[in-house]
Amino acid sequence: MKLKRYKGNPILSPHPTHAWENLAVFNPAIWYDADKQLVLMLYRAAEAHPEYKCYFGLAVSNDGYHFERVSDEPTVSPSVDGFDASTIQDPRMVKMGDYYYITYAARHFPFGQFWLPKEQQYRPPACSPDFPKALRDNATSTGLLLTKDFKTFIRAGRLTDPTLDDRDVVLFPEKIRGKYVMMHRPLEWVGRKYGTKHAAAWISTADDLLGFRQSKLLIKGKYDWEADKLGMNTPPIKTEHGWLTLYHAVGADKLYRLGAVLLDLEDPSKVLHRTPDWIMQSEAEYEVEGYYRGCVFPCGKVVMGDTLFVYYGAADKYVCLATCKLEELLDHLLSCPA
């Protein structure tokens, strides 16, 4: 079973006259407002400046295929002097009550244009050896934004341990057994102590959204196409068979591929079913020819009618769409072991 690419891809491309998004637009968070029949897309946008700062833009659609930008300006920009002052990346969002909860990755210093030869890349300022290691390494933290209307935002702070490089943070859209639940990918949690050879996906529960600290290994590389790091991608969708979500894995060839899992409704740390083979890999020209050659990276998915819409970043340059029948994916998963 494979996801089917939309023939109209890419569905969103860099805007040549907007300085904040003239290089790339990719890795979008998605929410479907069924009452308004409106798809909201909060996408990552990158400038062409050597520092490669990223912002969030907002686009909307009535059909899930054709999107229009809401503004010529960023919807969210890096903060003035916080931990996310240099760049904000890879949003994921869920809605609980009146608020949208948006997780996002951030760095202390600009990332720089990583695809260029090292001698041409932007270099962040050198840090004193007395500074914390995460600061010296320009490690990625994950923050939390809250909004009701995408006009005003609450910067709630970090969700993850500031001493770690911890990203791919995904919240569940409701409490489970009275607890908030998130999945994340701490880069340093590898080795015998952690039970995984490569960075993997973990799951954590907490009474307070800013209180995630105890975690349990959820899934790690198991198949040949998962030879390197692995992380969760999209907020789970509740189905009668379990929580459905997607994850990515990087192979020995450094290409990104996608898999799917079903997690137990009452105990989402329990994996019920998992695709042994990938359901999508980097193949199309727009997924290979870009700033990360060979990357498909979804940050959001929604169900409209009987169809699952998966929105993904392609080659760190474009926003694209792939679809499948929801029941087809569920039936496939139910035939797969954990």
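Coordinate-derived values only; no laboratory data. Everything quoted here is computed from the prediction, not taken from an experiment. Backbone-built Cβ (ideal geometry, glycine too); neighbour counts: all protein chains shown.
Key figures for this structure:
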item: Residue, nearest to the chain's Cα centre (by Cα), within the range 187-211, restricted to residues that are crowded, with 22+ Cβ neighbours inside 10 Å and within 16 Å of Ala249 (Cα to Cα); result: Ala201
item: Test: Ala200 is more than 22 Å from Leu40 (Cα to Cα) and among the small types (Gly, Ala, Ser); result: yes
item: Pro14 surrounded by fewer than 22 Cβ atoms within 10 Å (Cβ to Cβ), touching a helix residue (DSSP H, G or I) at 6+ places or on another chain (Cβ under 8 Å) and under 15 Å from Tyr312 (Cβ atoms); result: no
item: Per-region count, the range 137-162, residues within 19 Å of Ala206 (Cα to Cα) and assigned to a loop (DSSP other than H, G, I, E, B); result: 4
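Each row is one residue, and each column tells you yes or no for (1) touching a Pro at 6+ places or on another chain (Cβ under 7 Å); (2) without any contact (Cβ under 8 Å) to a residue 60 or more places away in the chain; (3) of a type in the set (Asp, Glu); (4) under 24 Å from Met93 (Cβ atoms).
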site: Thr234; (1), (2), (3), (4): yes, no, no, yes
site: Trp243; (1), (2), (3), (4): yes, no, no, yes
site: Tyr247; (1), (2), (3), (4): no, yes, no, yes
site: Ala260; (1), (2), (3), (4): no, no, no, yes
site: Leu272; (1), (2), (3), (4): no, no, no, no
site: Ser282; (1), (2), (3), (4): no, yes, no, no
